[in-house]
Amino acid sequence: MQSIDWLAGLNPEQKQAVLHNEGPQLILAGAGSGKTTVLIARAGRLISEGRCSPENMLILTFTNKAAREIKERVSQKIGKQGAKIQAGTFHSFGLNFLKEFGHEEGLPKRFGIVSQNEAAGIIKEILRNLHVYGKDNFDIGKLQSIISAWKEKGIRRARNDDPYEELCELLLPRYEEKLKELAAVDFDDLIQKPTKILKASDEIREKLQQRLRFLMIDEFQDTNPAQMQLVRQLVPKDKPNLCVVGDDDQSIYGWRGAEIKNILDFPKTFHACNTVKLIRNYRCNEAILDMANHVIRKNTSRHEKDLIAERAAPAKKPELFIYENEEEEAEKTLMEIRRLLKQVKPSEIALLYRSNSQGAFLESYLRRERIPYRISGNTGFFDRKEVRDILSYLHCALQPSDLHFRRILNTPARGIGLSSVEVMQGQKTSFVKAARNWRNIGLPERAGASIDQLFAALENFRQKLQHNTSSRAVIESFLEEISYKDHVRKGCKDADSFGKQWMIVEVLLNVLDAFQKQKPGLKGLEDFLDTMDLRDVETKEEKEELQLLTFHACKGLEFPYVFVLGLEEDLLPHARLGNDVAEERRLFYVAITRAKESLILSHNRYRLRAGRRRPVSPSRFLLEIPPSKYIKYEKGNRPLGEEERSSLVADFLKSLD
């Protein structure tokens, strides 16, 4: 392997992190400090120096996109060996683990993965059969959250007389039994079942620890207790070659289970830990970074560090605009945007806010001005009914599972009535086996004939899929054969809405086409289905659009020009969701550190609430910042410069002509 200088262009702290070999290491990577570069350089160096083979390295991330980037960038330097690195999300690792060792938990070779929506459907179905007073008034999402937390902590009984906990005591065993019947797991199981297997089997645990000699974890501040338990099973106690990268100041997902103490206590948990602080910021100008440092210092439970600006760009001070209300905020923000768009691309501008509800005025003004924009996080493509239907048909063609077979049984309608479905559900065998055995369990001849036709169609579908490197034409033909297009058409009110619905199918087939160009044939199709189940396929095209993002959605991104809007009490910290004030302050810090060149902040004096204009106060986090750190415009207007005045006069004279 050719000699590569993995330290070229790195600063002293980055070099220290990259040169670490064995034992635990904590890399505290501040915003914009080049953490991905460090991860890649360390992984590549360990492999190229022969300290670790690619097959013995596991890199866990929170998106498959991040994992792919790491593998691709290492491969660019060391060649095909880099592709052998095991890199992926916690959930994709759990899926692969259960494919190999899931039999220890009674799972078949091919098992299903239920989505959040499908899990909610299972809970609703169980509730229908429970005699519980007021059961229709319970929030399904809250029940799911409690069940998830209980599964993680091993709780089986209500700890108090809370009605939700009492109901979950009845739901949990039935929910787990239903998953078992369906030969399926939920997303929690992809973490918890591998942990359970590793704890129970010394042989499997030692096998994995020998196989995965070096473990690296990105965005470690986002790990939850269940993920931490899994990590502790993967590294030997006497020699934990574990390197974690993260920033406690950017821990903003406590609401979904992330545990900041995992990164705060890492040096105590893993003794003789090498700790490196990456504090040189290559993103923000000095004035923006100065403000960010002042904001985050107010948090007391943190690894102490101040970021240092490395950019040579002019340190333009952040600006604070005070508006009367949200309408003026939107109107004048659009004026600023129009001014910027004379010089920069729309994609260089981001509008950030704490709550989705704040986007309404912004959207209406952007539409009016015909400024293209994108709102992050509103797609939900892989939860669309048409997508789920087709994926279930593909699963059943390869190997029918209860979860997917039940979905397609009457989609399109085949005349198999509810009473027949209940008979099949009531058997002591699986739903699929009961369907195959319809004569012996007493189903009507008409329903049985429809079931036989479905199995025959699936078998024919499977054979065609096996003999074609690309599945698209086979799927299109199959959907025509089962009249699926007519089924979708019947559910639409007009031709226009049908066109939009069917476009979803076309997009799915486009995604599969692209996937099978890389991995043709049946193996490619199986990998495609696993990827779909993990919901991490990205189909968005990069366009010239303004970005509208919540503070949560903007993490990991950067933009030259950033607007942070609605900095008021009850929005930040949020009145309903902001119980953890330290986390809300970290959210504000994350928003500030997205800006590279220009940061514009704003708050209103009045906001519409419950149909009335009510006075509001600036966010406490804003009041904590010394006034010298920003330029304040009390009346919401920036004084015009000489050039802008001349431009306005010229525009006025032109309009008279």
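Of all residues in the range 389-420, those being polar (S, T, N, Q), within 19 Å of Pro108 (Cα to Cα), open to solvent by 20 Å² or more (accessible area, probe 1.4 Å) and at pLDDT 90 or above number 0.
Can you find a residue in the range 634-649 that is open to solvent by less than 90 Å² (accessible area, probe 1.4 Å) and either modelled with pLDDT of 95 or more or in a strand (DSSP E or B) (or both)? So far as the range 634-649 goes, no, none of its residues is open to solvent by less than 90 Å² (accessible area, probe 1.4 Å) and either modelled with pLDDT of 95 or more or in a strand (DSSP E or B) (or both). For the range 490-503, the criterion of a residue being at pLDDT 90 or above, over 31 Å from the mean Cα position of the chain (by Cα) and open to solvent by 80 Å² or more (accessible area, probe 1.4 Å) is satisfied by no position. Given (1) under 28 Å from Asp186 (Cα atoms); (2) basic (Lys, Arg); (3) open to solvent by less than 30 Å² (accessible area, probe 1.4 Å), where does Lys109 come up short, assuming only one miss? In the conditions (1) under 28 Å from Asp186 (Cα atoms); (2) basic (Lys, Arg); (3) open to solvent by less than 30 Å² (accessible area, probe 1.4 Å), Lys109 misses (3) alone. Scanning the range 286-312 for residues that are part of a loop (DSSP other than H, G, I, E, B), more than 19 Å from Ile260 (Cα to Cα) and in contact with a strand residue (DSSP E or B) (Cβ under 6 Å, 6 or more places away or on another chain) gives Leu307, Glu310. Regarding Arg110, is this residue farther than 19 Å from Leu403 by Cβ and not in a helix (DSSP H, G or I)? So Arg110 fails the test. Reported count of residues in the range 469-482, each being open to solvent by less than 60 Å² (accessible area, probe 1.4 Å), in contact (Cβ under 8 Å) with a residue 40 or more places away in the chain and not basic (Lys, Arg), is 6. Of all the criteria given as (1) at pLDDT 95 or above; (2) open to solvent by less than 10 Å² (accessible area, probe 1.4 Å), the one not satisfied by Phe551 is (1). Of note, Thr275 satisfies the criterion of being over 22 Å from Ala591 (Cβ atoms), in contact with a Leu (Cβ under 9 Å, 6 or more places away or on another chain) and polar (S, T, N, Q). Kindly indicate the residue of the range 345-367 that is part of a helix (DSSP H, G or I) and modelled with pLDDT of 90 or more and also most open to solvent (accessible area, probe 1.4 Å) among those meeting that condition. That would be Glu348. Answer yes if at least one residue in the range 544-563 is touching a helix residue (DSSP H, G or I) at 6+ places or on another chain (Cβ under 7 Å), part of a helix (DSSP H, G or I) and touching a residue at least 12 places away in the same chain (Cβ under 8 Å), and no otherwise. Looking for residues that are touching a helix residue (DSSP H, G or I) at 6+ places or on another chain (Cβ under 7 Å), part of a helix (DSSP H, G or I) and touching a residue at least 12 places away in the same chain (Cβ under 8 Å), one finds none in the range 544-563, hence no.
Within the set Ala43, Ala17, the sole residue that is of a type in the set (A, V, I, L, M), closer than 25 Å to Thr593 by Cα and surrounded by 15 or more Cβ atoms within 10 Å (Cβ to Cβ) turns out to be Ala17. When every residue of the range 369-383 is checked against the conditions, at least one turns out to be assigned to a helix (DSSP H, G or I), open to solvent by less than 50 Å² (accessible area, probe 1.4 Å), touching a helix residue (DSSP H, G or I) at 6+ places or on another chain (Cβ under 8 Å) and of a type outside the set (Asp, Glu).
When each of Gln399, Gln427 is tested for being farther than 29 Å from Ala514 by Cα and in contact with a Lys or Arg (Cβ under 8 Å, 6 or more places away or on another chain), the lone residue that passes is Gln427.
Taking (1) on the phi > 0 side of the Ramachandran plot; (2) touching a helix residue (DSSP H, G or I) at 6+ places or on another chain (Cβ under 8 Å) in turn, Leu95 satisfies each apart from (1).
Just checking: which of the helices (runs of 4 or more DSSP H) contained wholly in the range 401-482 hold 3 or more residues that are in contact with a Gly (Cβ under 9 Å, 6 or more places away or on another chain), within 21 Å of Asp527 (Cα to Cα) and of a type in the set (Asp, Glu)?
Filter on the range 401-482 gives an empty set.
Restricting to the range 253-285, and then to whatever is more than 20 Å from Ile27 (Cα to Cα) and assigned to a loop (DSSP other than H, G, I, E, B), can you tell me which residue is most open to solvent (accessible area, probe 1.4 Å)? For the range 253-285, the residue satisfying everything is Gly257. Filtering the range 313-344 to residues that are open to solvent by 50 Å² or more (accessible area, probe 1.4 Å) and either in contact with a strand residue (DSSP E or B) (Cβ under 8 Å, 6 or more places away or on another chain) or under 20 Å from Glu369 (Cα atoms) (or both) leaves Ala315, Lys316, Lys317, Glu324, Glu327, Glu331, Met335, Arg338, Arg339, Leu341, Lys342, Gln343.
Taken over the range 480-510, residues that are more than 21 Å from Leu454 (Cβ to Cβ) and of a type in the set (Gly, Ala, Ser) amount to 3. Among helices (runs of 4 or more DSSP H) entirely within the range 128-215, having at least 2 residues that are at pLDDT below 85 singles out 140-153. In the range 318-335, the condition of being of a type outside the set (S, T, N, Q), part of a loop (DSSP other than H, G, I, E, B) and within 23 Å of Gly556 (Cβ to Cβ) is met by at least one residue. If you go through the range 573-599 and keep only what is part of a loop (DSSP other than H, G, I, E, B) and at pLDDT 95 or above, you end up with Thr593, Arg594.
The values are calculated or read from the model by the stated rules, or taken from the named source; none is laboratory data. Since we're looking at a predicted model, the values are computed, not measured. Here the Cβ is made from the backbone with ideal geometry for all residues, glycine too, and neighbour counts use every protein chain on show. Keep in mind that these areas ignore ligands, DNA and RNA; they rest on the heavy atoms of the full protein, side chains included. Shrake-Rupley method; radii C 1.70, N 1.55, O 1.52, S 1.80 Å.
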